[in-house]
Amino acid sequence: MLKLARRTILALGLSAFAFPALAVEMGDDGLHKTPWQRDTFKDLREDLEEANAEGKRLLVMIEQRGCIYCTKMHEEIYPDPEITQMIEDNFFVIQINMFGDVEVTDFDGESLPEKEMVQKWGALFTPTNMFFPEEVPDDISAQQAAVAVVPGAFGRLTTYNMMQWVLDHGYEGDEPFQKYHARQVFKQQESGSLAVSD
């Protein structure tokens, strides 16, 4: 019994080194906060303009307090060095609280509290990531303008490849994301880059 207890303690100790606990900051709203998320007035027209000025793509992340899948993304996926770098270098990220009251202004000019805007956009799950093109007409909503809407939590390869597909304007071509992703995974596994299970 003592041997089993020692082995269990040793295994737990070693796992702490293999998988260090990440201190993810939580805001007063119960949402995860990262250095790469922007604190803006949540006017998507202004946010898009600022993203373009920085040579980045606008990404809206819809999250909610207590979301276990949001926690998975913030503790296991986004901290991956390659994914963190991809986000910091290429994306202007705005966080929307699915049940929040902060006013959001859509591309079409309509202003609503976060919780009502999320309903307008038809987002049902958290997290949901909405990726936008560099130019959006004034008369359409974010839901209509998004080039990709990704509901749910995904692994590192899917997350990385989706961001790259958006950056490469894959949505303008004939190859759907799933085929692009399968092709990229094969290359990534062959080269050893982002060689993690997904």
| Applying the selection to the range 75-98, what residues are out of contact with any Leu (no Cβ under 8 Å at 6 or more places or on another chain) and closer than 10 Å to LEU31 by Cβ? | ILE96, MET98
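Per-residue answers, yes or no, for (1) more than 16 Å from the chain's Cα centre (by Cα); (2) of a type outside the set (A, V, I, L, M, F, W, C):
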{"residue": "ILE68", "(1), (2)": "no, no"}
{"residue": "ILE77", "(1), (2)": "no, no"}
{"residue": "THR84", "(1), (2)": "no, yes"}
{"residue": "ASP106", "(1), (2)": "yes, yes"}
{"residue": "SER111", "(1), (2)": "yes, yes"}
{"residue": "GLY122", "(1), (2)": "yes, yes"}
{"residue": "SER141", "(1), (2)": "yes, yes"}
{"residue": "ALA145", "(1), (2)": "yes, no"}
{"residue": "THR158", "(1), (2)": "no, yes"}
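Does the range 27-39 contain any residue that is of a type in the set (A, V, I, L, M, F, W, C), assigned to a helix (DSSP H, G or I) and at pLDDT 95 or above?
No, every residue in the range 27-39 fails to be of a type in the set (A, V, I, L, M, F, W, C), assigned to a helix (DSSP H, G or I) and at pLDDT 95 or above.
When you check THR71 against the structure, is it at pLDDT 95 or above, touching a strand residue (DSSP E or B) at 6+ places or on another chain (Cβ under 9 Å) and assigned to a helix (DSSP H, G or I), yes or no? Can you show your working first?
Working: at pLDDT 95 or above: yes; touching a strand residue (DSSP E or B) at 6+ places or on another chain (Cβ under 9 Å): yes; assigned to a helix (DSSP H, G or I): yes.
The answer is yes for THR71.
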| task | Exactly one condition in (1) in contact with a helix residue (DSSP H, G or I) (Cβ under 6 Å, 6 or more places away or on another chain); (2) farther than 22 Å from CYS70 by Cα is not met by THR159; state its number. | result | (2)
| message | Return the residues of the range 162-189 that are of a type in the set (S, T, N, Q) and within 17 Å of VAL60 (Cα to Cα); say none if nothing qualifies. | response | GLN164
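The values are calculated or read from the model by the stated rules, or taken from the named source; none is laboratory data. Note that this is a predicted model, so its numbers are computed, not measured. Glycine gets a Cβ as well: all are built from the backbone with ideal geometry, and neighbour counts include every protein chain shown.
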